[in-house]
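Nothing in this text is a laboratory measurement; each read-out follows from the coordinates by a stated rule. From a predicted model like this one, the values you see are computed outputs, not experimental measurements. Cβ sites come from the backbone with ideal geometry, for glycine too, and all protein chains shown count toward neighbours.
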Amino acid sequence: MSSNDSLSRSRKPFRDGKVHVCRAMCSTCIFRPGNLMHLEEGRFEQMVRDAKKKESCIVCHETLDGKQAVCRGFFERHATQPLQIAERLGYIEWQ
Ligand code: SF4
């Protein structure tokens, strides 16, 4: 398999030269009030801390099994440097 093949088959939020981000917060977004995904106490805060520390992102759970996208709630509140740069350069693809 060539590296081009593996790139085009990637399901990660960064693929095909774009960072894919959820067009809207899903109805069960972890950034909505009320712990709609029933996360263990402290888990949400840990996920945010980890993603920020790694200059990464939180992937939308609705997209984990398919073509993945960055959680819209995370993008709006905690866009890490790579996400900010991608947005400035026009490399965001809304999904
Ligand atoms: S978190 Fe979404 S936009 Fe947030 S996460 Fe989950 S399904 Fe979605």
Potential extension, Trp94-Glu40 segment - 0.36 nm per residue separation minus Cα distance: 16.5 nm
Using θ = phi - 60° and Karplus 6.51 cos²θ - 1.76 cosθ + 1.60, couplings along the stretch 50-59 (whole Hz; Gly, Pro as x): 4, 4, 5, 4, 8, 6, 10, 7, 9, 7
Value of relative contact order over the chain, rounded to a whole percent, pairs C-alpha under 8 Å and six or more apart: 39 percent
All lysines inside 19 Å of Lys52 as judged from Cα atoms, apart from same-chain residues fewer than 8 positions distant: Lys12
Global form of the stretch 35-88, assessed from the alpha-carbon gyration tensor, a/c cut-off 1.5: oblate
Candidate aspartates and glutamates - alpha carbon under 19 Å from Lys67, same-chain residues fewer than 8 apart omitted: Asp5, Asp16, Glu93
Max mean-square fluctuation residue, GNM over the chain, Cα-Cα springs under 10 Å, options Gln84, Gln68, Gln46: Gln46
Candidates per GluC sites (Glu not before Pro) in the stretch 12-95, loop by DSSP, up to 12 other Cβ within 10 Å: Glu40, Glu41, Glu55
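Please report, in debye to the nearest 20, how large the charge dipole of the chain is about its Cα centre when each Lys and Arg carries +1 at its beta carbon and each Asp and Glu carries -1 there.
160 debye
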